[in-house]
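S.K.: What follows is a structure written as structure tokens; I'll ask about it next.
The values are calculated or read from the model by the stated rules, or taken from the named source; none is laboratory data. What you are looking at is a predicted structure, and each value in this text was computed from that prediction instead of being measured. Positions of Cβ are backbone-derived with ideal geometry, glycine not excepted, and every protein chain shown enters the neighbour counts. Each accessible area value is taken on the protein alone, full model and side chains, heavy atoms only, with ligands, DNA and RNA left out. Shrake-Rupley method; radii C 1.70, N 1.55, O 1.52, S 1.80 Å.
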Amino acid sequence: MRLLVTGGAGYVGGVCAKVLLESGHEVVVVDDLSTGNADGVPLGARFVEGDIAEVAPRLLAAETFDGVLHFAAMSLVGESVEQPEKYWHGNVVKTLTLLEAMRAAGVGRLVFSSTAAVYGEPQRVPITEEEPTRPTNPYGASKLAIDHAITSYAVAHGLAATSLRYFNVAGAYAGLGENRVVETHLIPLVLQVAAGYRKSISIFGTDWPTADGTAVRDYIHIRDLALAHLLALNTAEAGTHRLFNLGSGAGFSVREVISACRRVTGLPIPTVEAPRRPGDPATLIASSARAVAELGWQPEHTDLDEIVADAWEYLRGLGSRAHAAQQ
Ligand code: UFG
């Protein structure tokens, strides 16, 4: 297939573009590099730099595409609370423009990056797709609004759409990993401490109602996540909007993640106990049973140490490239 990938210079979009290329698809990436990095666009993809709301409609009108994978988004929970307008405009308004451009061009296949943040504080764990959607921040609310828009486009205009609700994506694949300008995610931050780029890692909350008092999350390897996009694309049906949660199905606490990072790196990682981060739920664990049953998806890299090891290898590669560039 000939595919348009928005946000393909970012972590998730870049790895997914890589996996699509490896499966024989042709990929055109559109990214404004506001949070992504041109180095994150995999070799073999054509890269068009620019705002998705301007560039994607132009490309869709001028060229032939079989589908769109839509990753471009603002995704910082804290920032979304302080600057919601950025999220309503950058996520919702721009996606509506993209949907209209797809409709005008007759492109009917869509895979959308949704998020566990649409569920907010869950009533039941593991979280299935039947869980009530009550996002606790504008980021999650903006993604949920898009999910609703996509459903109505599928019903009214025959879109063949899939929303994939990611839990905590981590690890690296094929030289592509987490390399954000502003990093807020646990695993890359802990590894930056191990690498000596930061002094310590703050543990946000040690009084959560969990076994060791720290928050529990479901970490999914980026390659497993990317493979689900491929399956979603191949099995899409016109007039249908499917929703799938994607996680490994196992929960690890912040302390367990830090221990895994110590095991993998063999380095001491100093910690500092800090207050809870506003908006954080205690425990988020996915039920991916629907994705397993309906997509035939099976996560292969569920071992936390393996996920951390891949992230560590990537970070060390970044460090040595930066060092070489200074020589
Ligand atoms: N954490 C720390 N210290 C840090 C950073 C994170 O203790 O320095 C904790 C967080 O409080 C949380 C856990 O580590 O309990 C994981 O935090 P991340 O920031 O790595 O990930 P989140 O679970 O907050 O975020 C993920 C996705 C978001 C999505 C959210 C849904 O990255 O896109 O799940 O709640 F919105």
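S.K.: Would you kindly derive the ³J(HN,Hα) couplings of region 69-78 from the backbone phi angles with the Karplus curve 6.51 cos²θ - 1.76 cosθ + 1.60 (θ = phi - 60°), listing them in order in whole Hz, with x for Gly and Pro?
M.R.: Per residue, the Karplus-derived 3J(HN,Hα) values read 10, 10, 9, 4, 5, 8, 9, 9, 4, x Hz.
S.K.: With each pseudo-label sitting 7 Å past Cα toward Cβ, what's the residue 97-residue 51 distance in nm, one decimal?
M.R.: For residue 97 paired with residue 51, the spin-label model returns 0.5 nm.
S.K.: Tell me, in nm to one decimal, what length is gained between residue 64 and residue 262 on full extension, where the rule is 0.36 nm per residue of separation less the Cα-Cα distance? Don't jump to the answer; show the numbers that get you there.
M.R.: Values: separation 198, 0.36 × 198 = 71.28 nm, distance 4.88 nm.
Between residue 64 and residue 262, full extension yields an extra 66.4 nm.
S.K.: Apply 1/(1 + (r/R0)^6) to the Cβ-Cβ distance of residue 293 and residue 81, taking R0 = 35 Å, and write down the FRET efficiency to the nearest 0.05. Before the final figure, lay out the partial values.
M.R.: Numbers: r = 36 Å, r/R0 = 1.02.
Between residue 293 and residue 81 the formula returns 0.50.
S.K.: Does anything in region 214-232 have its amide N under 18 Å from the 7 Å Cα→Cβ label point of residue 300, and if so which residues?
M.R.: The answer is 220-232, whose backbone nitrogens lie closer than 18 Å to the label point.
S.K.: In addition: Among the lysines, select those whose C-alpha is under 26 Å from the C-alpha of residue 18, and discard any that sit fewer than 8 residues away in the same chain.
M.R.: Of all the lysines, those that pass the test against residue 18 - Cα under 26 Å, at least 8 places apart if same chain - are 94, 143.
S.K.: Roughly to the nearest percent, how much of the accessible area of region 169-218 is carbon and sulfur, given a 1.4 Å probe? Write out the running numbers ahead of the final one.
M.R.: Numbers: 1160 of 2160 Å².
Here it works out to 53 percent.
S.K.: Can you tell me the 0 to 90 degree angle between the C-alpha axis of helix 52-62 and the longest principal axis of the chain, rounded to 10?
M.R.: Between helix and principal axis, roughly 40 degrees.
S.K.: What's the longest uninterrupted piece of the chain once you rule out the GluC sites (Glu not before Pro) that are loop residues per DSSP with at most 12 other Cβ within 10 Å? Don't skip to the answer; put the middle values down first.
M.R.: Numbers: sites that count: 63, 130, 300.
Maximal segment without exposed cleavage sites: 131-299.
S.K.: List, in order, the whole-Hz ³J(HN,Hα) value for each residue of region 103-115 obtained from phi through the Karplus relation with A = 6.51, B = -1.76, C = 1.60 and θ = phi - 60°; use x for Gly and Pro.
M.R.: Once θ is set to phi - 60°, the couplings for region 103-115 become 4, 4, 8, x, 8, x, 10, 9, 10, 10, 7, 9, 8 Hz.
S.K.: I've got another one for you. Convert each backbone phi in region 127-135 into a coupling constant with the Karplus relation 6.51 cos²θ - 1.76 cosθ + 1.60 (shift: θ = phi - 60°), then list the ³J(HN,Hα) values in order as whole Hz, x for Gly and Pro.
M.R.: Each residue of region 127-135 in turn: 8, 9, 6, 7, 4, x, 9, 9, x Hz.
S.K.: So how far apart, in nm, are the two label points at residue 2 and residue 276 if each is 7 Å from Cα heading toward Cβ?
M.R.: That separation, rounded to one decimal, is 5.2 nm.
S.K.: Carbon and sulfur atoms: what percent of the 1.4 Å accessible area of region 32-98 do they account for? It would help to have the intermediate numbers written out before the result.
M.R.: Values: 1850 of 3410 Å².
About 54 percent, which is the carbon plus sulfur part of the accessible surface.
S.K.: Could you check the simple spin-label distance between residue 207 and residue 316, using points 7 Å along Cα→Cβ, in nm with one decimal?
M.R.: Going from the residue 207 label point to the residue 316 one covers 4.0 nm.
S.K.: Using modelled backbone amide H atoms (1.01 Å from N, in-plane), which distant-in-sequence or interchain residues come within less than 5 Å of residue 115's amide H?
M.R.: Under 5 Å from the amide H of residue 115 lie the amide H atoms of 166, each far enough along the sequence or on another chain.
S.K.: Same structure, new question: Counting heavy atoms of the protein chains only and a 1.4 Å probe, report the per residue accessible area for the chain as a whole number of Å².
M.R.: On the way: 13920 Å² over 327 residues.
The answer is 43 Å² per residue.
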